[in-house]
1. With respect to ALA38, determine if the residue is loosely packed, with under 14 Cβ neighbours inside 10 Å, free of Cβ contacts under 8 Å to residues at least 60 places away in the same chain and of a type outside the set (D, E, K, R).
2. Looking only at region 93-114, which residues are polar (S, T, N, Q) and either over 11 Å from the mean Cα position of the chain (by Cα) or not in a helix (DSSP H, G or I) (or both)?
3. Please verify whether GLU81 is open to solvent by 50 Å² or more (accessible area, probe 1.4 Å) and without any contact (Cβ under 8 Å) to a residue 12 or more places away in the chain, treating the condition exactly as stated.
4. With the checklist (1) surrounded by 22 or more Cβ atoms within 10 Å (Cβ to Cβ); (2) on the phi > 0 side of the Ramachandran plot in hand, flag the one item GLY67 doesn't pass.
5. Need pairs with beta-carbon distance below 6 Å; first residue farther than 19 Å from MET91 by Cα and within region 1-29, second among the basic types (Lys, Arg) and at pLDDT below 95; sequence gap 6+ or separate chains.
6. Quick check on region 25-32. Is at least one of its residues surrounded by 14 or more Cβ atoms within 10 Å (Cβ to Cβ), at pLDDT 90 or above, under 11 Å from the mean Cα position of the chain (by Cα) and not aliphatic (A, V, I, L, M)?
7. Here are some residues: THR106, THR102, THR49. Which one is among the hydroxyl-bearing types (Ser, Thr, Tyr), in contact (Cβ under 8 Å) with a residue 60 or more places away in the chain and open to solvent by less than 50 Å² (accessible area, probe 1.4 Å)?
Amino acid sequence: MERHLASPNLRKHSLAVEAVMRRLAAFLGEDAERWGLAGLLHDIDLGLTQDISEHSLIAGRILEEIGLDSEIVQAVKAHNEAHGLPRETRMARALYCSDPLTGLITAAALIRPE
């Protein structure tokens, strides 16, 4: 993640999504390590693409090249709704929801830091 994301804000976002995914996995009786990894790596291609329509497909290729589990790769690819890829697993559905949720939480904390 650190190799591909130079932006401190994108790194923080990735860490936040990882945290949410880990907690959801624990709550649902799933593997928190695998779910956390999906959250941590879901946006690793944002520094590599200018075209949002390529986002998540490039990430999927990167993750496939390093030999990551196919369920994680598919969840990462499917989190960008622009591709219309099905979100057939709990992990994929959780990642799709966790990504914008962390943005909402961050925005709320910035507006109401108390």
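The values are calculated or read from the model by the stated rules, or taken from the named source; none is laboratory data. Just so you know, these numbers come straight off a predicted model, no measurement behind them. In this analysis, Cβ positions are derived from the backbone assuming ideal geometry, glycine residues included, and neighbour counts consider all displayed protein chains. Heads up: the accessible areas ignore ligands, DNA and RNA and are worked out on the full protein's heavy atoms, side chains in. Shrake-Rupley method; radii C 1.70, N 1.55, O 1.52, S 1.80 Å.
1. No.
2. Passing the criteria: only THR106.
3. Taking the combined requirement at face value, the residue does not satisfy it.
4. If we test GLY67 against (1) surrounded by 22 or more Cβ atoms within 10 Å (Cβ to Cβ); (2) on the phi > 0 side of the Ramachandran plot, just (1) comes out false.
5. Close Cβ pairs satisfying both conditions: LEU5/ARG11.
6. Among the residues of region 25-32, not one is surrounded by 14 or more Cβ atoms within 10 Å (Cβ to Cβ), at pLDDT 90 or above, under 11 Å from the mean Cα position of the chain (by Cα) and not aliphatic (A, V, I, L, M), which makes the answer no.
7. Every option except THR102 fails the conditions.
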